[in-house]
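Down below is the structure, laid out as structure tokens.
Read the figures in this text as sums done on the coordinates, not as results from a lab. Just so it is clear, the structure is predicted and the values come from calculations on it, not from any experiment. All Cβ positions, glycine included, derive from the backbone under ideal geometry; neighbour counts span all protein chains shown.
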Amino acid sequence: MDMNEIKEIFFQECEEQLAELESGLLKMNDGDRDPETVNAVFRAVHSIKGGAGAFGLDDLVAFAHVFETTLDCVRSNKLEPTQDVLKVMLKSADVLADLTNAARDGGSVDESRSRGLVKELEALANGELPSPSASAEAPAPKAAAKPAAKAAPAPAVKPTDDSGFQPIPFSFDDFGGEGDAGSDLPTYEVIFKPRYELYSKGNDATLLLRDLSRLGEMTIYCNTDELPGLEELDPEGAYFFWNVTIKTDKGEDAIRTVFEFAEWDCELTVKPLEEARADATSNDELPMVPVPFDLSILDETGATEEVAADARAEETAAAVAAAETASNVTQMAAAAARVEKKESAAAAAAAASAAAQNNAAGAGQTIRVDLDRVDRLINLVGELVINQAMLSQSVIENDTTGTSSINMGLEELQQLTREIQDSVMAIRAQPVKPVFQRMSRIVREIADMTGKSIRLITEGENTEVDKTVIDKLAEPLTHMIRNAVDHGIETPEKRAAAGKNTEGTVRLTAKHRSGRILIELADDGAGINREKVRQKAIDNDLIPADANLSDEEIDNLIFLPGFSTADKISDISGRGVGMDVVKRSIQALGGRINITSKPGHGSVFTMSLPLTLAVLDGMVVTVAGQTLVVPLTAIVETLQPEAAAIHSFGANHRLISIRNSFCPLVDVGRILNFRATQANPVEGVALLVESEGGGQRALMVDAIQGQRQVVIKSLEANYTHVPGIAAATILGDGRVALILDVDAVVGASRGQSLKAEMSLAAVG
């Protein structure tokens, strides 16, 4: 694996970390104060920074370091995550995503924005809280500084022995060790010696030691032997290193995990304490004895306060004396203690390893696979389905008994093929959560630009759909979100005057229904101003002035190319391309869109999309000598019309009576121009279908051949667009069958042209 592949894996992991970051910040913004949520947010930024440092992405490292420092203040309860604080952090998460994308694709980021957020983050870390004002750009007043308790200066503390280790009073009381502080816990000695590169990549030794303190009770010693004189001091150098004694039941692997992003930029040694002391004894080194320093003497910022000289002098002298006494007996006790302690340590390590294996067995394991490989596998399975259907067709045509062992084997093969296909399609199934999370940023940006207060609520984020559908959802959803925020939601002043909450709500929902995925975008804004929409369409010569349109048809005018109700062109809207793009994108996915609007109460846009663009279950029918496939999800029932149930309506329309109700009868062959005259309904079969916005219709076909699962082949990619036809497939006998676009046919039955490009046919 070369460096480019490793770098690509890093950026893939960044996408996951950024999603985790935004998800955690949104939870905190909703009032979640669970420490694990805060820790997850911190770990996400820390992981991105660590990986970026390994690849020399300096801009990303620098910003992530400042962001991480501010998050650490939240994690240590020094900074309250208020709405204003989280607003800054959500913007910072957006910039972090931009910097990651720029590092990946070679683009650029608005430096003024990133520098401004760096200053805001630094101000938050220093205790300067933003003012709770309506404007996000208002300067943040500096909060009153909390007076720090001053301590008397302490005398220089001499090393406890010839090793040069000297206790430095760090404080990690705010975090508290997770492990039991009992004396029976395994104890480890950690020697952590940073190199110059560790600091140049934005890592912080203090943060690493704080993370280490979470594993259990520990004592820290700082070695300053390599510290040169002031005239020789390099401000970017690394002169200190630390010796840590820690009691923890987490094991050695947990200790090393703390330093995983810094292990190439430091010298790290982790050993059980008895082994470390035994090595020191065998090398005739003086064993180290802890000096009893009180680690609670630090102030809230974690900076080292000076200690009163008279309070510590006596304790230090006593400790040095104890060290001299201990050195005489250590060599004799070391050999005896070594065997017993190694046995107990080995037992503890074995128990920890067994627990880790049990945890690993309980958790699901995943692997990363190139999407092209999955696509190739799906294509091959599709060809397998086609060949299986062809083989079955050939056997059926040549075997009249239908009871041969070959037929039985083919039935089993068909079942196995279906299971293989379902399993392969499940590989591509992914939740819509990443797309929904991306919309949160869009809402924040547009709300800031328009001066509106808007809350995005998402539901059904774990609803799974094919990866190809997810990839193409982002663009139409983006345009719809922008439209809802800019046009749908009123300003806070107008909402207050209408008796509404000044904070608008946009709700994004995903759910499965009848083998399709429904995505709803609802807002509680003013709804569609139908008079304004109608007049705008007349002014733009899109409809005649005397056109008699229903409310539904007026609502659908917003999908026309070039249509916009904006009074002036802005960075957000006004050019009339957004909703037109939505319509085209949804149609390209084989979906449909419907609008429901109530003036003064808001609008609901409902998109119905196929779960996959690869296969579908369909009913194979015959129409005027042509073979068509009708998607099974659109069919409610099939029936054989009787002459008494057929009623004429107008000159060219007919109705069919179904259970004391009347339903329009649609001749598919006539609509698609397969024949010039209408067929006799009594001689055919009626398929009762239901479409979005069009209600129920009875599609008249000549005969039903059967129900089959077919592989979808794009007609536009291989031929050209055919009105009324959604796609094509290959049947078992090798013939090409066309997949019917039910919504287009239903729309045509209402008098709309199949060749019309306007969205009325698509949504009707």
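So here's what we get for this one:
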| read-out | value |
| --- | --- |
| Under 5 Å, built H, 5+ apart or other chain: amide partners of residue 705 | 620, 621, 622 |
| Gain on full stretching of the segment that runs from residue 581 to residue 648 - 0.36 nm per residue minus C-alpha separation | 20.1 nm |
| Förster radius 60 Å - calculated FRET efficiency between residue 390 and residue 267 (Cβ-Cβ, nearest 0.05) | 0.35 |
| Residues 585, 92 arranged by fewest to most Cβ contacts within 10 Å | 585, 92 |
| Which listed pairs, of 201/250; 7/49; 87/119; 500/583; 7/87, have C-alpha distances above 20 Å, in listed order | 201/250; 500/583; 7/87 |
| Per-pair calculated FRET efficiency, R0 = 51 Å: residue 197 and residue 683 via Cβ, rounded to 0.05 | 0.05 |
| Derived scalar couplings ³J(HN,Hα) [segment 258-263; Karplus, 6.51 cos²θ - 1.76 cosθ + 1.60; whole Hz; x for Gly, Pro] | 4, 9, 5, 8, 10, 5 |
| Fully extended contour minus Cα-Cα distance, from residue 105 to residue 617, at 0.36 nm per residue | 180.3 nm |
| Inter-probe distance in nm under a simple model that places probes 7 Å from Cα toward Cβ, at residue 636 and residue 275 | 7.4 nm |
| Spin-label model distance (nm) - residue 423 vs residue 230, 7 Å beyond Cα toward Cβ | 7.3 nm |
| Surrounding net charge for residue 590, when Lys and Arg each add one and Asp and Glu each subtract one, Cβ distance under 10 Å | 0 |
| Cβ-derived FRET efficiency at R0 22 Å, residue 78 paired with residue 8, nearest 0.05 | 0.05 |
| Extension gain (nm, one decimal) between residue 703 and residue 493, 0.36 nm per residue minus Cα-Cα | 69.5 nm |
| Mean-position separation - Cα centroids, segment 660-720 and segment 36-65, in angstrom | 56 Å |
| Peptides ranked, highest mean first, by Cβ atoms within 10 Å: ranges 255-261, 499-505 | 255-261, 499-505 |
| Residue 673 paired with residue 540, simple spin-label distance in nm, labels 7 Å along Cα-to-beta-carbon | 2.8 nm |
